[in-house]
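Visitor: Dumping the structure here so I can ask a few things about it.
The values are calculated or read from the model by the stated rules, or taken from the named source; none is laboratory data. Here the structure is a predicted model, which is why all the values come from computation and not from measurement. Reconstructed Cβ throughout: ideal geometry from the backbone, glycine too, with neighbour counts over all protein chains shown. Each accessible area value is taken on the protein alone, full model and side chains, heavy atoms only, with ligands, DNA and RNA left out. Shrake-Rupley method; radii C 1.70, N 1.55, O 1.52, S 1.80 Å.
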Amino acid sequence: MMQNVSLITQGGTMIQILGLLLLCSGAAATADRLCIVIDGRLKQVNAGNGQVYGVNDNGDIYQWVDSSWKQIPGNLSHVTVGQVGVWGVDRDNNIYKLKDNNWVQVSGLMKQVDAGGENIVAGVNRLDAIYCDDKDQTISNSANLAYTQIGGSLKYYSCGPYGCWGANANDDIKYRYDVKPTNCQGSRWQQVDGKLKMVEVGSDGSVYGVNSQGQVYKREGISAGNPIGTSWTQLNFVDTFKHVSYDQGNLWLLTDKGTIYKCKVDGSTDRKCLDQLLQ
(Lines give C-alpha, C1' and ligand atoms only; values in the text may rest on other atoms or scores of the structure.)
Protein backbone atom coordinates (compact mmCIF):
# COMPACT_ATOMS: atom_id res chain seq x y z
CA MET A 1 0.00 0.00 0.00
CA MET A 2 1.51 3.33 -1.02
CA GLN A 3 0.94 6.32 1.25
CA ASN A 4 1.44 10.03 0.54
CA VAL A 5 3.50 12.78 2.10
CA SER A 6 3.46 16.26 0.58
CA LEU A 7 6.77 17.68 -0.61
CA ILE A 8 5.67 20.74 -2.55
CA THR A 9 8.05 22.53 -4.89
CA GLN A 10 7.55 25.23 -7.45
CA GLY A 11 9.96 27.54 -9.14
CA GLY A 12 11.13 30.35 -11.35
CA THR A 13 14.53 31.05 -12.79
CA MET A 14 17.87 32.32 -11.53
CA ILE A 15 21.29 32.35 -13.16
CA GLN A 16 22.58 29.36 -11.23
CA ILE A 17 20.12 28.03 -8.66
CA LEU A 18 16.60 28.54 -7.39
CA GLY A 19 16.06 27.97 -3.67
CA LEU A 20 12.78 26.61 -2.42
CA LEU A 21 12.41 26.58 1.36
CA LEU A 22 9.85 24.13 2.67
CA LEU A 23 8.52 24.11 6.22
CA CYS A 24 7.61 20.76 7.71
CA SER A 25 5.32 21.00 10.72
CA GLY A 26 5.12 17.97 13.00
CA ALA A 27 3.44 17.45 16.34
CA ALA A 28 6.68 17.60 18.29
CA ALA A 29 9.11 19.47 16.09
CA THR A 30 9.56 21.75 13.12
CA ALA A 31 12.25 21.07 10.52
CA ASP A 32 13.25 22.93 7.38
CA ARG A 33 13.66 21.12 4.06
CA LEU A 34 15.55 22.78 1.24
CA CYS A 35 15.18 21.97 -2.44
CA ILE A 36 17.16 23.75 -5.12
CA VAL A 37 17.20 23.58 -8.88
CA ILE A 38 20.77 23.19 -10.12
CA ASP A 39 22.04 24.91 -13.24
CA GLY A 40 22.45 22.58 -16.22
CA ARG A 41 20.63 19.66 -17.84
CA LEU A 42 21.22 15.93 -17.34
CA LYS A 43 19.54 12.77 -18.62
CA GLN A 44 20.89 10.56 -15.82
CA VAL A 45 22.48 11.16 -12.41
CA ASN A 46 23.98 8.87 -9.80
CA ALA A 47 25.00 9.62 -6.22
CA GLY A 48 27.01 7.24 -4.07
CA ASN A 49 29.92 6.95 -1.69
CA GLY A 50 29.90 10.73 -1.17
CA GLN A 51 30.15 11.56 -4.87
CA VAL A 52 27.75 12.58 -7.64
CA TYR A 53 28.14 12.03 -11.39
CA GLY A 54 25.81 12.63 -14.31
CA VAL A 55 25.58 12.56 -18.10
CA ASN A 56 23.65 14.78 -20.51
CA ASP A 57 21.90 14.04 -23.79
CA ASN A 58 25.18 14.46 -25.70
CA GLY A 59 26.94 11.91 -23.51
CA ASP A 60 29.06 14.54 -21.76
CA ILE A 61 30.07 13.43 -18.25
CA TYR A 62 29.98 15.68 -15.19
CA GLN A 63 31.03 15.42 -11.55
CA TRP A 64 29.52 17.56 -8.79
CA VAL A 65 32.50 19.30 -7.16
CA ASP A 66 32.39 22.28 -4.77
CA SER A 67 28.74 23.05 -5.58
CA SER A 68 29.17 23.11 -9.35
CA TRP A 69 29.49 20.70 -12.28
CA LYS A 70 32.97 19.81 -13.50
CA GLN A 71 33.11 18.14 -16.91
CA ILE A 72 35.00 14.85 -17.07
CA PRO A 73 36.62 13.73 -20.34
CA GLY A 74 34.79 10.93 -22.14
CA ASN A 75 31.35 10.11 -23.49
CA LEU A 76 28.80 7.87 -21.75
CA SER A 77 25.08 7.19 -21.77
CA HIS A 78 24.96 6.04 -18.13
CA VAL A 79 27.34 6.56 -15.18
CA THR A 80 27.45 5.13 -11.65
CA VAL A 81 29.62 5.62 -8.55
CA GLY A 82 30.08 3.47 -5.45
CA GLN A 83 32.55 1.54 -3.33
CA VAL A 84 34.32 0.14 -6.39
CA GLY A 85 34.73 3.51 -8.05
CA VAL A 86 33.13 5.12 -11.08
CA TRP A 87 31.78 2.97 -13.91
CA GLY A 88 29.73 3.70 -17.00
CA VAL A 89 28.41 2.49 -20.33
CA ASP A 90 28.37 4.24 -23.70
CA ARG A 91 25.69 4.34 -26.40
CA ASP A 92 27.06 1.09 -27.85
CA ASN A 93 26.70 -0.62 -24.43
CA ASN A 94 30.48 -0.86 -23.92
CA ILE A 95 31.46 -0.84 -20.24
CA TYR A 96 34.12 1.43 -18.74
CA LYS A 97 35.80 1.91 -15.38
CA LEU A 98 37.45 5.17 -14.33
CA LYS A 99 41.03 4.41 -13.33
CA ASP A 100 43.67 7.08 -12.64
CA ASN A 101 41.37 9.66 -14.28
CA ASN A 102 41.15 7.62 -17.48
CA TRP A 103 38.28 5.51 -18.76
CA VAL A 104 39.41 1.90 -19.21
CA GLN A 105 37.13 -0.33 -21.25
CA VAL A 106 36.36 -3.69 -19.64
CA SER A 107 34.75 -6.76 -21.15
CA GLY A 108 31.02 -7.14 -21.53
CA LEU A 109 28.06 -5.17 -22.84
CA MET A 110 25.40 -3.48 -20.69
CA LYS A 111 22.87 -0.68 -21.14
CA GLN A 112 22.81 0.16 -17.41
CA VAL A 113 25.41 -0.56 -14.74
CA ASP A 114 25.44 -0.02 -10.97
CA ALA A 115 28.44 0.24 -8.64
CA GLY A 116 26.45 0.83 -5.46
CA GLY A 117 26.75 -2.62 -3.90
CA GLU A 118 29.35 -3.80 -1.43
CA ASN A 119 32.33 -4.06 -3.78
CA ILE A 120 30.21 -5.56 -6.55
CA VAL A 121 29.07 -4.27 -9.93
CA ALA A 122 25.78 -5.29 -11.49
CA GLY A 123 23.65 -4.28 -14.44
CA VAL A 124 21.44 -5.25 -17.34
CA ASN A 125 22.02 -5.58 -21.07
CA ARG A 126 19.86 -4.49 -24.01
CA LEU A 127 17.86 -7.73 -23.73
CA ASP A 128 17.18 -7.07 -20.01
CA ALA A 129 19.42 -9.96 -18.96
CA ILE A 130 21.02 -9.39 -15.55
CA TYR A 131 24.73 -9.74 -14.76
CA CYS A 132 27.08 -9.04 -11.85
CA ASP A 133 30.72 -9.23 -10.80
CA ASP A 134 32.00 -10.35 -7.40
CA LYS A 135 34.51 -8.35 -5.36
CA ASP A 136 37.53 -10.26 -6.67
CA GLN A 137 36.63 -9.10 -10.18
CA THR A 138 35.72 -5.48 -9.44
CA ILE A 139 38.87 -4.70 -7.46
CA SER A 140 41.22 -6.43 -9.89
CA ASN A 141 43.26 -4.57 -12.49
CA SER A 142 42.11 -6.93 -15.23
CA ALA A 143 39.93 -5.65 -18.05
CA ASN A 144 38.62 -9.16 -18.68
CA LEU A 145 35.79 -9.64 -16.22
CA ALA A 146 34.01 -12.93 -15.60
CA TYR A 147 30.36 -11.96 -15.21
CA THR A 148 27.78 -14.09 -13.45
CA GLN A 149 24.33 -14.15 -15.02
CA ILE A 150 21.37 -13.84 -12.67
CA GLY A 151 18.13 -15.52 -13.63
CA GLY A 152 15.26 -13.24 -14.54
CA SER A 153 14.73 -10.13 -16.61
CA LEU A 154 15.07 -6.47 -15.56
CA LYS A 155 15.34 -3.13 -17.32
CA TYR A 156 16.98 -1.45 -14.28
CA TYR A 157 19.01 -2.91 -11.41
CA SER A 158 20.60 -1.23 -8.37
CA CYS A 159 22.43 -2.58 -5.32
CA GLY A 160 23.23 -1.50 -1.78
CA PRO A 161 24.40 -2.91 1.56
CA TYR A 162 21.16 -4.85 2.15
CA GLY A 163 20.72 -6.35 -1.30
CA CYS A 164 19.66 -5.38 -4.80
CA TRP A 165 16.45 -3.96 -6.26
CA GLY A 166 15.19 -3.82 -9.82
CA ALA A 167 12.30 -3.00 -12.12
CA ASN A 168 11.24 -5.13 -15.08
CA ALA A 169 9.55 -4.30 -18.38
CA ASN A 170 6.14 -4.37 -16.67
CA ASP A 171 7.38 -1.99 -13.93
CA ASP A 172 7.17 -4.83 -11.41
CA ILE A 173 9.55 -4.29 -8.48
CA LYS A 174 11.96 -7.07 -7.55
CA TYR A 175 14.27 -7.57 -4.56
CA ARG A 176 17.25 -9.94 -4.66
CA TYR A 177 18.08 -11.78 -1.44
CA ASP A 178 21.52 -12.77 -0.09
CA VAL A 179 23.69 -10.65 -2.40
CA LYS A 180 27.22 -10.60 -0.96
CA PRO A 181 30.67 -9.38 -2.10
CA THR A 182 31.68 -13.00 -2.72
CA ASN A 183 28.28 -14.01 -4.14
CA CYS A 184 26.83 -11.20 -6.23
CA GLN A 185 24.32 -13.64 -7.72
CA GLY A 186 22.32 -13.84 -4.50
CA SER A 187 19.76 -16.55 -3.88
CA ARG A 188 16.19 -15.65 -4.90
CA TRP A 189 13.77 -12.97 -6.07
CA GLN A 190 10.93 -11.45 -4.09
CA GLN A 191 8.33 -9.33 -5.85
CA VAL A 192 7.56 -6.15 -3.93
CA ASP A 193 4.21 -4.36 -4.01
CA GLY A 194 3.85 -1.34 -6.28
CA LYS A 195 5.00 -0.31 -9.75
CA LEU A 196 8.19 1.60 -10.62
CA LYS A 197 10.02 2.24 -13.87
CA MET A 198 13.35 2.68 -12.09
CA VAL A 199 14.61 2.10 -8.56
CA GLU A 200 17.86 3.24 -6.93
CA VAL A 201 19.53 2.04 -3.74
CA GLY A 202 21.58 4.51 -1.68
CA SER A 203 24.91 3.81 0.00
CA ASP A 204 23.10 3.44 3.34
CA GLY A 205 20.50 1.04 1.94
CA SER A 206 17.78 3.64 1.34
CA VAL A 207 15.57 2.85 -1.65
CA TYR A 208 13.87 5.44 -3.87
CA GLY A 209 12.07 5.01 -7.18
CA VAL A 210 10.05 6.70 -9.90
CA ASN A 211 6.89 5.36 -11.53
CA SER A 212 5.63 5.79 -15.07
CA GLN A 213 3.72 8.94 -14.07
CA GLY A 214 6.89 10.59 -12.77
CA GLN A 215 5.93 10.22 -9.11
CA VAL A 216 8.71 9.62 -6.56
CA TYR A 217 8.55 7.00 -3.81
CA LYS A 218 10.68 6.04 -0.83
CA ARG A 219 10.69 2.56 0.68
CA GLU A 220 10.08 2.65 4.44
CA GLY A 221 11.24 0.28 7.17
CA ILE A 222 14.44 -0.97 5.52
CA SER A 223 17.06 -2.40 7.90
CA ALA A 224 19.59 -5.20 8.06
CA GLY A 225 16.94 -7.33 9.76
CA ASN A 226 14.22 -6.37 7.28
CA PRO A 227 16.01 -5.53 4.01
CA ILE A 228 12.80 -5.55 1.97
CA GLY A 229 11.17 -2.85 4.12
CA THR A 230 7.49 -2.37 4.90
CA SER A 231 5.75 0.12 2.60
CA TRP A 232 6.14 2.90 0.03
CA THR A 233 5.75 6.61 0.82
CA GLN A 234 5.05 8.96 -2.06
CA LEU A 235 6.89 12.28 -2.08
CA ASN A 236 4.51 14.68 -3.79
CA PHE A 237 6.29 17.30 -5.89
CA VAL A 238 4.68 19.88 -8.14
CA ASP A 239 7.06 18.66 -10.86
CA THR A 240 7.35 15.11 -12.20
CA PHE A 241 10.58 13.20 -12.63
CA LYS A 242 12.24 10.49 -14.69
CA HIS A 243 15.23 9.68 -12.49
CA VAL A 244 16.18 9.71 -8.81
CA SER A 245 19.31 8.96 -6.79
CA TYR A 246 20.10 9.34 -3.07
CA ASP A 247 23.27 9.64 -0.99
CA GLN A 248 24.26 11.20 2.33
CA GLY A 249 21.05 13.12 2.93
CA ASN A 250 20.69 14.47 -0.60
CA LEU A 251 18.02 13.40 -3.06
CA TRP A 252 18.91 14.10 -6.70
CA LEU A 253 16.03 14.20 -9.20
CA LEU A 254 15.76 14.82 -12.95
CA THR A 255 12.68 15.97 -14.83
CA ASP A 256 11.83 14.77 -18.33
CA LYS A 257 13.47 17.94 -19.66
CA GLY A 258 16.65 17.24 -17.68
CA THR A 259 16.12 19.87 -14.98
CA ILE A 260 18.19 18.93 -11.93
CA TYR A 261 16.69 19.07 -8.43
CA LYS A 262 18.73 18.59 -5.27
CA CYS A 263 16.75 18.16 -2.04
CA LYS A 264 18.00 17.80 1.51
CA VAL A 265 16.12 14.95 3.12
CA ASP A 266 16.11 13.77 6.71
CA GLY A 267 14.78 10.34 7.52
CA SER A 268 13.42 11.61 10.85
CA THR A 269 11.09 14.03 9.06
CA ASP A 270 10.07 12.03 5.99
CA ARG A 271 6.63 11.24 7.38
CA LYS A 272 5.84 14.80 8.43
CA CYS A 273 3.52 16.87 6.31
CA LEU A 274 5.50 19.34 4.14
CA ASP A 275 2.59 21.52 3.11
CA GLN A 276 3.54 25.17 3.60
CA LEU A 277 5.69 26.89 1.01
CA LEU A 278 7.79 29.80 2.31
CA GLN A 279 8.53 32.46 -0.27
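Visitor: Given the structure, is Ser203 surrounded by 15 or more Cβ atoms within 10 Å (Cβ to Cβ), of a type outside the set (Lys, Arg) and out of contact with any strand residue (DSSP E or B) (no Cβ under 6 Å at 6 or more places or on another chain)?
Guide: No: the conditions fail for Ser203.
Visitor: Continuing with the same structure: Mind checking which residues of the range 249-279 are modelled with pLDDT of 95 or more, over 14 Å from Trp64 (Cα atoms) and of a type in the set (S, T, N, Q)?
Guide: Thr255, Thr259
Visitor: Open to solvent by less than 30 Å² (accessible area, probe 1.4 Å), touching a residue at least 24 places away in the same chain (Cβ under 8 Å), outside any loop (DSSP other than H, G, I, E, B) and under 25 Å from Gln51 (Cβ atoms): is that true of Gly209 in this structure?
Guide: Spelling it out, Gly209 is indeed open to solvent by less than 30 Å² (accessible area, probe 1.4 Å), touching a residue at least 24 places away in the same chain (Cβ under 8 Å), outside any loop (DSSP other than H, G, I, E, B) and under 25 Å from Gln51 (Cβ atoms).
Visitor: At least 2 residues that are open to solvent by 30 Å² or more (accessible area, probe 1.4 Å) in each: list the strands (runs of 3 or more DSSP E) lying fully within the range 84-191 that qualify.
Guide: Correct list: 94-99, 102-109, 148-150.
Visitor: Turning to a different aspect of this structure: Select from the range 60-81 the residues that are crowded, with 16+ Cβ neighbours inside 10 Å and farther than 18 Å from Gly249 by Cβ and list them in ascending order.
Guide: Selection gives Asp60, Ile61, Tyr62, Gln63, Trp69, Ile72, Gly74, Leu76, Ser77, His78, Val79, Thr80.
Visitor: Here's another thing I want to ask about it. Quick check: is even one residue across the range 89-101 aliphatic (A, V, I, L, M) and more than 19 Å from Gln44 (Cβ to Cβ)?
Guide: No, the range 89-101 contains no residue that is aliphatic (A, V, I, L, M) and more than 19 Å from Gln44 (Cβ to Cβ).
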